[in-house]
1. Taking every alpha carbon pair in the stretch 67-106, what does the distance histogram look like in 5 angstrom bins from 0, in percent?
2. Between LYS132 and GLU217, take the C-beta separation as r, use R0 = 25 Å, and let me know the FRET efficiency to the nearest 0.05.
3. Enter the Cα centre distance for the pair the stretch 247-304 and the stretch 100-119, rounded to the nearest angstrom.
4. Within 10 Å, count the other beta carbons around each residue, average over each peptide in 116-127, 255-266, and list them highest first.
5. Once fully extended, how much extra length lies between ASN34 and ASN104, figured as 0.36 nm per residue of separation less the alpha-carbon to alpha-carbon distance?
6. As an exercise, use a Förster radius of 41 Å and the Cβ-Cβ distance of PHE248 and ASN25 to find the FRET efficiency, rounded to the nearest 0.05.
7. Residue-wise, which Karplus ³J(HN,Hα) couplings in Hz belong to the stretch 282-289, taking 6.51 cos²θ - 1.76 cosθ + 1.60, θ = phi - 60°, and x for glycine or proline?
8. Grab the eigenvalues of the alpha-carbon gyration tensor for the stretch 187-227, scale each by 5, take roots, and send me the semi-axes largest first in whole angstrom.
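Each value in this text was obtained by applying a stated rule to the coordinates, not by laboratory testing. Every value quoted in this text rests on a predicted model; they were computed, and no experiment measured them. FYI the Cβ positions are ideal-geometry reconstructions off the backbone, even for glycines, and counts take in every protein chain you see.
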Amino acid sequence: MNIKVIIENLYDKIKIIEDNGQLANYIPELTRVNSESFGIHISTVEGLNFGVGNCYEQFSIQSIVKVLSLIISYRILGEDLWKRVKVEPSGTAFNSLVQLEVENGIPRNPFINAGALVIADILLTHLDNPEKDFLDFVKNLSHSREISYSSHIAESEKKAGFRNAALCNLIKSFGNIENDPSDVLDFYFNLCSLEMSCEELSNLFLFLANDGFTLKENTQILTRSQTKRINALMQTCGFYDESGEFAFKVGLPGKSGVGGGIVAVHPKQYAIAVWSPKLNSKGNSYKGMKFLEEFTTETELSIF
Ligand code: GLN
């Protein structure tokens, strides 16, 4: 099987299909992007690095960052983390408020916005310089010095961030946010504004395919058990109310963002990142989902 040829052929095929998706216009700055962009990059545990299309162009990774903030807080708090956030799929949209009230401000999982706000709060409490420390972690893992937050995107989201403000305040009222909600929101918007390319993302996520160890330096980022758990959460909660569909069609742990990026991990094999900005009705990249579905079909490799 030649993975490069499969990726090239699928890229050519999916690039020209009609894209029924829409840009995430609830964050106005996210519409200032070429909606036809399409990039793919794979990094394998055997050392293959291969990409096509706009795979070296940076884009707003949005909710993909929630995996990274979760990993750092897991390293800090260990299993105590799960007292603040649960590990159940929500079956609701990423920005939904409905479960929070009845479940006493403990979010269903770390990948819906409610959960990611609690994780942001934990990092604000425990990191000396939250913005800098977080960025250093990401730069080291992706072997790239070029990664930064976008103040334009963070500002744009803040102006329209009424739902996230509602979530954060509701959680605070239950006592599950320690810091000032406006500081938590500012930090959360900054995290979501991080810009990375498919190449940087697949390099960064490769340790999740490698039992928690970086490929280059063999540094342990998470224990094997923690790595399994992060992958399990991506499998069950990475696509909000489309997580079942992603497992059904693609069969890999993964995480999406409203910037149109998706990262998927095949344990013991590879990490792959896809970017195409137009989103389906669940807020996941239309062509990104299609590509990954056909990729695991053609390679006949999935975790199931
Ligand atoms: N920053 C976005 C928000 O909070 C992230 C959502 C996403 O990528 N699904 O709405």
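1. 5, 18, 26, 22, 19, 9
2. Working: r = 21 Å, r/R0 = 0.86.
Between LYS132 and GLU217 the formula returns 0.70.
3. The stretch 247-304 and the stretch 100-119 have Cα centres separated by 24 Å.
4. On the way: 116-127: 22.7, 255-266: 28.3.
Sorting 116-127, 255-266 by mean packing, highest first, produces 255-266, 116-127.
5. Result: 21.1 nm gained on full extension.
6. Working: r = 28 Å, r/R0 = 0.69.
Computed FRET efficiency for PHE248 and ASN25 comes out at 0.90.
7. 8, x, 10, 4, 5, 6, x, 4
8. 23, 14, 8
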